[in-house]
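Report on one structure; see the data block that follows.
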Amino acid sequence: MEIWEGRPIGFWSDLWRLPRLEIHATVGSTNDRARALAEEGWGPYTTVVAEEQTAGRGRTGAEWVSAPGSGLWLSVLLPVPSATHLPLLVGLAATEAIERTCPGLRARIEWPNDVTISDRKVAGILCEGVRSLVVAGVGINTRAPPGGFAETLAKRATTLESAWGRIPDRAALAGALLTALRGRLAAATPLLSVEERQALSERDALAGRPVITTQHGRGRAVGIADDGALVLEREDGRRIHVRAGSVRPA
């Protein structure tokens, strides 16, 4: 594509200070394309956007529905080594971008890689290491796909249009996301800082709720550790740090 959201691609690349920006009408996966660019030698903040993904995926390979024009499907190369808490920092950036673009909305993070509004998933994050970089894929539902969500998603998913009452400006959303990512990663350390933990605590969608984990069974989510692990409290009072697997509200 040469024009996106009414402007030449070069306009957005310059505005967002990107070394390279690709915007595709259709691509298999923005993460896969960003990975290929990393292998070619492109550096931090190289960004890939698509109107549609035909092979979009989430964590553990789950399909991510990426219908044409119904969301912001974006992947960016980040200048940090892979870390267990990185998806949480990307999640924070996504919530900040949503709230800046859609004033009045309150977005929350559902460990480890989902963004929710009113307990419905509005965005997902997938981080994958490549060379000395990380490909961070962010998918944000801006409007319902044609025909609406599939029955399996309808009760769980939402869109910014549904939550906010109108369709947000995707270019503004993308710019806010890239700005928030730069801000969050400028001070990134091997462990979450006090400020980062506080910001996560304020947006923790699972805090205090009973949950079911694939690796440790049932318990109550009681916070996020400084390495990004979910803290699970068992019935006997023991606390376990969950670092892998899926977690869902009980």
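The values are calculated or read from the model by the stated rules, or taken from the named source; none is laboratory data. Every value quoted in this text rests on a predicted model; they were computed, and no experiment measured them. A quick note on method: Cβ atoms are made from the backbone with ideal geometry, for glycine too, and the neighbour counts reach across all protein chains shown. We work out accessible area using only protein heavy atoms, side chains counted, and drop any ligands, DNA or RNA first. Shrake-Rupley method; radii C 1.70, N 1.55, O 1.52, S 1.80 Å.
The table below lists the values:
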| item | result |
| --- | --- |
| Nearest-20 debye value, the chain charge dipole, Cβ charges on Lys, Arg, Asp, Glu | 540 debye |
| Estimated FRET transfer efficiency when R0 is 41 angstrom, pair K155-D227 (beta carbons, to 0.05) | 0.80 |
| List R197, R20, ordered by accessible area with a 1.4 Å probe, largest first | R197, R20 |
| Acute angle (nearest 10 degrees) that the helix 194-203 long axis makes with the longest principal axis of the chain, alpha-carbon atoms | 90 degrees |
| Fluctuation leader among T30, T179, T214 - the chain, Gaussian network, Cα springs under 10 angstrom | T214 |
| Rounded to 10°, Cα long-axis angle of helix 170-186 versus longest principal axis of the chain | 60 degrees |
